[in-house]
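Colleague: One structure follows; several queries about it will come next.
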Amino acid sequence: MSSLLAPDKPGLRPRHLFAVVLPVVAAMVAVPALLDLAGSDQRQIILDNSADPPGDIVLAWAKLLVLVALWLIGLVGGVWAVVRGAGPFASWWKGIKQLPIFALGLIAAAGGTALATWAIAGAVIGPATLVLLIAVQLLGALVAVRILLAGIARVVGGPRPSWRQAILFLLGGVVLPAFLTYGLLRLDVPAVALVMIVVLAAQVSLAAAPHVRETGESRPPRLWPAVLVLVVAVLIPYGMTKLNLTHEPPIRFNAHGPSTAVAVAWPAGRHPVIATVGGAWFCDDDLCETFTDVSGGGPAVPGFGTATVGPDGAVIKTAVTGGPDQGGPFVQYGRCVREGCSMAWLPVRASAREKIDLTARTEVAGASAPDGALWLFVALSIPGKYKYSLIRCADVPCTAPQRHDIGVLDRTPSDGYSDGDRARLSIGADGRPSASFWLGHGIVRFTCDPVTCAAPKQSDEVVGPPDSYLVANGELRRGESSVPISGEAVAAVAAGSTVYVTSALPARATPGFHLNFGPEPQHWLQVLWRCDDRCTRTPLDFYSGDARKSLLAVAPDGRALIVRDDGIVLSG
């Protein structure tokens, strides 16, 4: 490319080249952005200050076809301008006229490659399959390049290309740029435009090099109109993203999420806190890109232990361990803060004389109070019933536990609900404990006064209270009303009068050629629902594979944090 653009060699016309290439790149940048804005009824995703296309398959294919057509026009027109010294309008028109022929040739090459790939994948089994498939892809790409260069030679009246020229074009114009830009998928729009200019100019240079001849100087076109068009085109998607003209909530993604997260919360005035099976993450920023990782507090294995994050940011872990022959069962509980974790054990019974039914599961949940105290909610299984109590500990050793019996209810028959997840406990900003327990046909709630747990109260009926919510069977049930909620791996949390729900919706793969070994992976779109009287849906990000379990936390200002094992998503 450097030899072609050198101004001191006759017959080489860099100003002709860029007068053609710059406006073509401008169109490649601006047209897809305008199609996203006007051509889809789905909301756009602004992820890490870059616009992700909405999941509209028709629109995605339309953008792909437009990009390929513009690339062909730029390549053919650029070669025509360099070889013949033509102006940009004549060169673009030349590319447009040749577009159907080139498109048919490339479609034939791509179809033949796809057919050969399908035949090999269905007929050959064993280690040779991968080698043959790679060979077919390389051969198909080489044939497509040879067809492309042969068409260009016919247009400009030059010699037929050799296989050596096809290999050089494939390596220098396709493989090398792809290698150099690998991993730069989140470039800003100006950087993307610059990469496209360099790549297209290199391809034009390689394709035109065998046909350039010294035919005398032609009047070079002015470059400033092309530069102006490019600047305006770059400002369109750049402005749409930076200025957020469509008023989409900004979304940020951290690709390093905890693989064993079990709970997450966003305490007021603090950064998020994530409880893990083996410890806790105390985030140093809202996206948890840096954090303090502490270990201990007991393993919070789902189904056998619980973990909650208190309003003070402390992580409380609980589990029921041991048996009556050892003086138990015991509540194994731990408290994790930035400085580390502490752990202790406490009998679930005030006296060994209390009877216990070992055929049913005793369940426990814990929470931290604003004054630093630790509360435990115990549902002790006694013959035919559950005996409920709240235990307040001034500190983790709990040398003087304050036990408060708050109710006894009949135990319902097995309802299919997973044991170990029935009990919940939270502490309000005023220090008031609020415990809930799923009995199989509804939720029973208990509460009492802060600190002393005087005046315990129990819900009169074993039903969900008016402000409770339940996400099940594809809908959000809240009080007497319900709204449809779709998707897999659903997580929900209430923040004031709003219920936030996140789920993964089935999505399509991005348009283009995909080579998969084995079954095609499922594709998912993570979404966030905000539900008051009605629900609004915000798309977050795409991922592939199995639907991933999500944990959800909401900041006091309404921002939402979704934690998955493959990353953390922050929605504004």
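Colleague: Open to solvent by 40 Å² or more (accessible area, probe 1.4 Å) and in a strand (DSSP E or B): is that true of ARG335 in this structure? Spell out how you get there, then give the answer.
Modeller: Working: open to solvent by 40 Å² or more (accessible area, probe 1.4 Å): yes; in a strand (DSSP E or B): yes.
Yes, satisfied.
Colleague: Of the residues that sit in region 329-364 and are under 34 Å from the mean Cα position of the chain (by Cα) and among the aliphatic types (A, V, I, L, M), which one is nearest to ASP410 (Cα to Cα)?
Modeller: Result: VAL364.
Colleague: Out of GLY172, GLY158, I need the residue that is open to solvent by less than 40 Å² (accessible area, probe 1.4 Å), at pLDDT 80 or above and assigned to a loop (DSSP other than H, G, I, E, B). Which one?
Modeller: Unique residue meeting the criteria: GLY158.
Colleague: Does region 372-397 hold any residues that are without any contact (Cβ under 8 Å) to a residue 60 or more places away in the chain, touching a strand residue (DSSP E or B) at 6+ places or on another chain (Cβ under 6 Å) and assigned to a loop (DSSP other than H, G, I, E, B), and which are they?
Modeller: Of everything in region 372-397, just one residue is without any contact (Cβ under 8 Å) to a residue 60 or more places away in the chain, touching a strand residue (DSSP E or B) at 6+ places or on another chain (Cβ under 6 Å) and assigned to a loop (DSSP other than H, G, I, E, B), namely PRO397.
Colleague: Right, another one. Starting from region 19-47, take each residue that is modelled with pLDDT of 75 or more and list its partners that are hydroxyl-bearing (Ser, Thr, Tyr), counting only C-beta distances under 6 angstrom and pairs at least six apart or across chains.
Modeller: Taking only residues 6 or more apart or on different chains, the pairs are VAL20/SER91.
Colleague: Please state which of the following conditions ALA400 fails to meet, knowing it meets all the rest: (1) more than 20 Å from PRO329 (Cβ to Cβ); (2) in contact (Cβ under 8 Å) with a residue 24 or more places away in the chain; (3) open to solvent by 10 Å² or more (accessible area, probe 1.4 Å).
Modeller: (2)
Colleague: For TRP281, indicate whether it is assigned to a strand (DSSP E or B) and free of Cβ contacts under 8 Å to residues at least 24 places away in the same chain.
Modeller: So TRP281 passes the test.
Colleague: Further question: Working only within region 137-155, note down all residues that are surrounded by 20 or more Cβ atoms within 10 Å (Cβ to Cβ) and farther than 16 Å from LEU206 by Cα.
Modeller: Once the filter is applied, which keeps residues that are surrounded by 20 or more Cβ atoms within 10 Å (Cβ to Cβ) and farther than 16 Å from LEU206 by Cα, region 137-155 yields only GLY140.
Colleague: Taking GLY303 as the residue in question, decide whether it is farther than 18 Å from CYS393 by Cβ, out of contact with any strand residue (DSSP E or B) (no Cβ under 9 Å at 6 or more places or on another chain) and surrounded by fewer than 19 Cβ atoms within 10 Å (Cβ to Cβ).
Modeller: yes
Colleague: Give just the number: which of (1) modelled with pLDDT under 85; (2) open to solvent by 40 Å² or more (accessible area, probe 1.4 Å) does ALA455 not satisfy?
Modeller: (1)
Colleague: While we're on this one: What's the total number of residues in region 349-375 that are buried (at least 20 other Cβ atoms within 10 Å of the Cβ) and out of contact with any Asp or Glu (no Cβ under 9 Å at 6 or more places or on another chain)?
Modeller: Result for region 349-375: 7.
The values are calculated or read from the model by the stated rules, or taken from the named source; none is laboratory data. As the structure is a computational prediction, the values presented were derived from the model and not from experiment. Note: ideal-geometry Cβ built from the backbone for every residue, glycine included; neighbour counts use all protein chains shown. Quick note on the areas: whole protein, heavy atoms, side chains included, nothing else; ligands and nucleic acids left out. Shrake-Rupley method; radii C 1.70, N 1.55, O 1.52, S 1.80 Å.
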